[in-house]
Amino acid sequence: LSPRLKAPRGTFDVLPEAAAGYARLEQAARGLFERAGYGLIETPVFEETELFERGVGDSTDIVRKEMFTFEDQGGRSLTLRPEGTAPICRAYVEHGMHKLAQPVKLWYLGPFFRHERPQAGRYREFHQVGAEAIGTDSPLADAEMIMLLSDLLAELEVPGVTLRLGSLGSLGARREYLEELRAYLREHESELSREVAERIDANPLRAFDADDEGTREVMASAPRLLDRLEGEDAEHFAAVRELLDGAGIGYELDGSLVRGLDYYTRTIFEFHCDQLGAQSQVGGGGRYDGLVEELGGPPTAAVGWAAGIERILLAIGAPPPEPATDVFIALADGAEPARAMALLTELRRAGRSAELDLGGRSLKGQLKQADRVGARQTLIVEPGGTAQLRDMESGEQREIEPGRVLEEL
Ligand code: AMP
């Protein structure tokens, strides 16, 4: 006996019952984005490794330990995409989209890859749906982004959703604050986890995200950027908040909010779902005003988000069962299969869902199968071309004219 193979750790097969949930989510997202004037973009599943090193940031967890990186036959370093924003900004620059009317509004959906420790809601291959508005620094764009994700979660009836909102200020203003934070962290270095202590210089904000007790205690009284927003950064954030208030979107101000990617500036946000346990974040995003320039484009303000499809599906529970088959076509002993095939095609072309037994079952077995697939009616094709229509609920059966099947159903 050959040994059996399994899907790699942290990955999974999407079987037909689960695929219905993915399809429903995709349909909801497509409708939402079409109504909002966002165009679909698809970028490759792998990119040059440098894109993520530069775009996501060398000091982030994603780049330091979570990327699936490999060398191709030509010796190039490639990486399975861990996120969607850097690739989309790469495409924006590569295709000269800054010459189009701004902002360029895009959405995407697809698989992403991170070498994380798998657990419920955390996988090595997962799916995200996301949106970007590139080429605007207007607070209206921040507010629209948040409203789109809020609407998507509402339409899908994700329960127990809360929104956390913060601001990281612009890159220039942040520099001063980061120095203050570094000084504070150095004062408390002995109480911090080794990982955080090692990254005081490279990525001090990451300390806000740490899980260990010691670091958390230190961070509870750390200086917060949100309290130090000044000038245009403060005005921008106030404008975003006013727009959200006006739209009736509730949020919680969170001065400890930092995101796992380096490129964020100004507004950042996360949507959490209280049904999801440890991995409660269903989606998040923010502004990234420096990223396009970092990737070789002109200075370009932009804002976007990504939401985890598996987490949304987990939060809404098992997807509803697929609609039952309208008609099952069964063959009585000696009936002509070609006749059944013709009826099958006719029904499907008329928009009815119809199935034919492909398993070579006896008539009794076919009626059982019709029950299993939830058929409302079974059409039994008889030798000579006559047919019986059986109501699967009542078991009543009557002869119908084979030429008038559609009318009779
Ligand atoms: P991020 O790109 O880190 O901002 O993540 C955006 C969203 O993607 C998160 O809110 C999660 O819902 C989802 N997500 C991120 N990483 C994973 C993962 N490893 N497995 C499943 N979902 C994930």
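Which residues, counting only those in segment 38-81, are among the aromatic types (F, W, Y) and surrounded by fewer than 19 Cβ atoms within 10 Å (Cβ to Cβ)?
F46, F68, F70
Taking strands (runs of 3 or more DSSP E) that do not extend beyond segment 337-409, which have at least 3 residues that are free of Cβ contacts under 8 Å to residues at least 40 places away in the same chain and within 44 Å of the chain's Cα centre (by Cα)?
Output list reads 354-356.
Would you say R266 is basic (K, R) and within 30 Å of G84 (Cα to Cα)?
Judged against the criteria, R266 is a match.
Find all pairs meeting these conditions: Cβ atoms under 6 angstrom apart; at least six residues apart or on different chains; first residue within segment 1-18 and touching a residue at least 24 places away in the same chain (Cβ under 8 Å); second residue of a type in the set (D, E) and within 16 Å of the ligand (Cβ to nearest atom).
Pairs that qualify, where the first residue is touching a residue at least 24 places away in the same chain (Cβ under 8 Å) and the partner is of a type in the set (D, E) and within 16 Å of the ligand (Cβ to nearest atom), are T11/E125.
Consider S221 carefully, then state whether it is away from the ligand (no atom under 11 Å from the Cβ) and without any contact (Cβ under 8 Å) to a residue 12 or more places away in the chain.
The answer is yes for S221.
Across segment 24-58, which residue is modelled with the lowest pLDDT among those that are under 18 Å from G304 (Cα atoms) and in a loop (DSSP other than H, G, I, E, B)?
G57
Please tell me if L109 is open to solvent by 80 Å² or more (accessible area, probe 1.4 Å), under 18 Å from E310 (Cα atoms) and under 20 Å from the mean Cα position of the chain (by Cα).
It is false that L109 is open to solvent by 80 Å² or more (accessible area, probe 1.4 Å), under 18 Å from E310 (Cα atoms) and under 20 Å from the mean Cα position of the chain (by Cα).
Which ones in segment 118-162 are among the hydrophobic types (A, V, I, L, M, F, W, C), in contact (Cβ under 8 Å) with a residue 40 or more places away in the chain and either more than 16 Å from the ligand (Cβ to nearest atom) or at positive phi (or both)?
Hits for segment 118-162 are A133, I134, L140, A141, A143, M147.
Working only within segment 353-375, note down all residues that are within 17 Å of L409 (Cα to Cα) and surrounded by 16 or more Cβ atoms within 10 Å (Cβ to Cβ).
Across segment 353-375, the qualifying residues are S353, A354, E355, L356, A370, A375.
Taking V282 as the residue in question, decide whether it is crowded, with 19+ Cβ neighbours inside 10 Å, under 27 Å from L25 (Cα atoms) and either more than 16 Å from the ligand (Cβ to nearest atom) or in contact (Cβ under 8 Å) with a residue 24 or more places away in the chain (or both).
yes
Which residue out of G297, G317, G290, G260 is touching an Asp or Glu at 6+ places or on another chain (Cβ under 8 Å) and either buried (at least 22 other Cβ atoms within 10 Å of the Cβ) or small (G, A, S) (or both)?
Sole residue among the options that is touching an Asp or Glu at 6+ places or on another chain (Cβ under 8 Å) and either buried (at least 22 other Cβ atoms within 10 Å of the Cβ) or small (G, A, S) (or both): G260.
Go through (1) more than 16 Å from the ligand (Cβ to nearest atom); (2) modelled with pLDDT of 95 or more for G255 and report which single condition fails.
(2)
Considering only segment 257-310, state which residues are of a type in the set (G, A, S) and assigned to a strand (DSSP E or B).
If the condition is that a residue be of a type in the set (G, A, S) and assigned to a strand (DSSP E or B), then G283, G284, G285, G286, A302, G304, A306, A307, G308 are the ones that fit.
The values are calculated or read from the model by the stated rules, or taken from the named source; none is laboratory data. Since the model is a prediction, treat every value here as computed from it, not as a measurement. Virtual Cβ from ideal backbone geometry, glycine too; neighbours counted across all protein chains shown. The protein model used for the area step is the full one, side chains on, heavy atoms only, and it has no ligands, DNA or RNA in it. Shrake-Rupley method; radii C 1.70, N 1.55, O 1.52, S 1.80 Å.
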